[in-house]
Amino acid sequence: MALTFGVTVLPDPPYTRLIELMQKAEEHGFEYGWTYDSHILWQDSYATLPLVAAATEKIKLGHCVTNPGIRDPTVTASWYATMQDISNGRMVMGIGRGDSSRRVVGLKPVRVAEFEARLRMIKDLMNGRKVEWNEKELQLGWVRDELPEIPMQVAGYGPRALGVAGRVGDGVIIQLADPQIIQWIMETARKAAAEDGRNPDALQCIVCAPSHISDDLADAREQVRWFPAMVSNHVMDLIERYGADSDEIPAALTDFVKARKFYDYKEHSRVGAKHGEFVTDEICDRFCVLGNDDQATEKLRELEAVGVDQFNIYLMTQGQEKTLAAYGDRIIPQVSEIRLGEQSAPTIPARD
């Protein structure tokens with residue numbers, strides 16, 4: 001499957017900025033438009049994303065990610081089903097156990113067993129199927145049958161959460177662009193899918209990371225140090241559960257957090273966040289897509305080669321319009337041109 005492109009925009013005020021950047025992403029050929037769901041740190045994207053749907057025509061929309069623990073899960077399911085009607089079939093759900101949305105209000109991420117039960121219910125309910133919930137039979141009888149099913153993409157890092165992704169999800173959301181870690185994550189999720197009798201090859205791989213296109217690689221790295229620091233929140237949870245030297249988690253994922261000192265959610269996903277000072281240049285390069293057009297294209301080809309289906313740019317760096325234009329005008333066409341060139345290359349017959 002050819003690599004597709006998405007973009008994640010913060011629901012920062014003014015809300016008109018979210019709409020504007022999503023429109024520009026659509027104009028530049030991005031197929032997916034995502035936003036965060038963290039109702040204390042930013043404006044409530046359950047209120048603003050419908051405005052984006054009304055202001056766009058083709059781009060698929062969803063959260064990267066929402067969670068089943070802040071709102072009642074039946075509300076989340078009904079909201080997505082309603083948005084599928086409003087957007088005329090353009091919704092995609094990204095969902096995880098809850099990081100900033102829950103921690104900021106004093107809650108921990110949803111427990112894995114509860115996470116799986118809620119995801120199974122949400123997936124069926126938002127797509128018009130009957131569910132048993134709280135000893136009640138529920139169904140959204142108004143769901144339009146002619147619209148496509150809303151896919152559920154599940155975010156996770158550890159073996160247990162990835163097991164949920166494999167058993168329930170249509171794909172895996174991975175917040176880093178390191179090919180080695182991506183392969184381990186997808187192998188873990190696909191193993192769970194196969195053990196559950198599902199087709200492991202049908203599980204999509206969505207990689208999310210910042211991308212700053214510039215000849216000044218040093219500046220590009222400074223733009224993204226906040227991102228591996230954000231990833232470290234999830235890694236610290238894994239270390240707490242599995243141990244720092246566990247054979248169940250690859251060292252490529254855990255080693256970089258040893259120098260971490262603190263995390264301040266007031267600077268969550270912000271350029272220049274002080275909690276990102278421990279992040280090395282090497283980790284910036286591994287976890288993100290940085291450099292000039294050719295360097296970015298080379299990294300994207302590497303991601304495509306390990307089976308990534310979508311690259312989703314976390315648009316939280318400076319020069320947002322420039323990033324969208326760089327991808328729309330040069331990088332996406334270049335990736336497509338390379339792919340088409342490879343597909344049309346003549347086959348040389350073997351010698352007898």
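The values are calculated or read from the model by the stated rules, or taken from the named source; none is laboratory data. Quantities reported herein were computed from a predicted structural model and do not represent experimental measurements. Quick reminder, even Gly has a Cβ in these numbers, built from the backbone with ideal geometry, and neighbours come from all protein chains shown. Accessible surface is based on the protein model in full, side chains and every heavy atom, while ligands, DNA and RNA are left aside. Shrake-Rupley method; radii C 1.70, N 1.55, O 1.52, S 1.80 Å.
Are any of the pairs LYS191/LYS274; LYS24/LYS108; LYS299/LYS322; LYS123/LYS299; LYS58/LYS322 more than 27 Å apart by Cα-Cα distance, and if so, which? Going by Cα-Cα distance, LYS191/LYS274; LYS24/LYS108; LYS123/LYS299 fall outside the 27 Å limit.
Take every DSSP beta bridge whose two residues both sit in the chain; close to 10 percent of them are antiparallel.
Think of a 1.4 Å ball rolled over the protein heavy atoms: the chain then has 45 Å² of accessible area per residue. Annotation: peptides 169-180, 216-227, ranked by per-residue average of other Cβ atoms within 10 Å with the highest first, follow the order 169-180, 216-227.
The packing ranking, built from the mean of other Cβ atoms within 10 Å per residue, places the peptides 127-138, 44-55, 71-82, 94-105 in the order 94-105, 71-82, 44-55, 127-138, highest first.
Using only alpha carbons, region 235-296 has a radius of gyration to Kirkwood radius ratio (Rg to Rh) of 1.02. Nonpolar atom fraction for the chain, defined as the carbon and sulfur part of the 1.4 Å probe accessible area, stands at 47 percent. The listed peptides 159-165, 329-335, ordered by packing as a protection proxy, come out as 159-165, 329-335 (highest mean of other Cβ atoms within 10 Å first). Each part gets one Cα centre, and for region 1-64 versus region 85-135 those centres are 19 Å apart.
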